[in-house]
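The values are calculated or read from the model by the stated rules, or taken from the named source; none is laboratory data. Computed from a predicted model, the values in this text were never measured in an experiment. Cβ placement follows ideal geometry from the backbone for every residue including glycine, while neighbour counts extend to all protein chains displayed. Keep in mind that these areas ignore ligands, DNA and RNA; they rest on the heavy atoms of the full protein, side chains included. Shrake-Rupley method; radii C 1.70, N 1.55, O 1.52, S 1.80 Å.
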Amino acid sequence: MLRQHVGTILAGLVLMTAGSSLFVPARAQVRAEAKALFEKRCGGCHALDRDKEGPRLGGVYGRTAGSVASFQYSDALKKSRVKWTEETLNKWLTDTEQLVPNNDMTFHVEKADERSEIIAYLKQNSGK
């Protein structure tokens with residue numbers, strides 16, 4: 001009897017493992033699309049690993065706004081004490097001026113699905 005249960009459990013684990021591998025390509029594709037969207041919409045001013053016209057965005061998720069020592073932020077952003085989360089990044093990408101008045105970034109992303117993809121990409125590249 002115990003042998004049958006063990007066999008059933010092992011068979012279930014094999015199926016679960018095989019089934020989960022079916023989803024890996026879809027997740028990888030979403031990541032590739034999110035990366036392409038980040039590069040298209042944000043890459044002109046930002047990179048993950050270095051400052052450009054805007055600060056580096058690798059590790060931004062969970063970080064306090066205006067805290068990368070190598071970048072010169074507006075006084076408004078440095079004083080804002082905003083912590084970058086899904087909610088604050090969405091507000092920022094929707095309307096930077098509404099979240100932090102008198103900041104230096106005037107760009108925004110109109111489409112909610114694009115903001116969501118960019119935020120997911122930033123979160124993924126922040127180890128969160």
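Annotations
- Cβ-Cβ distances below 7 Å connect the following pairs, each with a first residue in the range 37-65 that is over 18 Å from SER116 (Cα atoms), a second residue that is polar (S, T, N, Q) and surrounded by 14 or more Cβ atoms within 10 Å (Cβ to Cβ), and a separation of six or more residues or different chains: ALA65/SER80.
- Residues being open to solvent by less than 70 Å² (accessible area, probe 1.4 Å), touching a Lys or Arg at 6+ places or on another chain (Cβ under 8 Å) and of a type in the set (S, T, N, Q) - total across the range 83-101: 2
- Number of the exception - GLU114 against (1) outside any loop (DSSP other than H, G, I, E, B); (2) over 13 Å from TYR61 (Cβ atoms); (3) open to solvent by 60 Å² or more (accessible area, probe 1.4 Å): (3)
- Meeting the requirement of 2 or more residues that are modelled with pLDDT of 95 or more and either under 19 Å from LYS123 (Cβ atoms) or out of contact with any Phe, Trp or Tyr (no Cβ under 8 Å at 6 or more places or on another chain) (or both), the helices (runs of 4 or more DSSP H) wholly within the range 1-101 are 24-41, 75-80, 86-94, 96-99.
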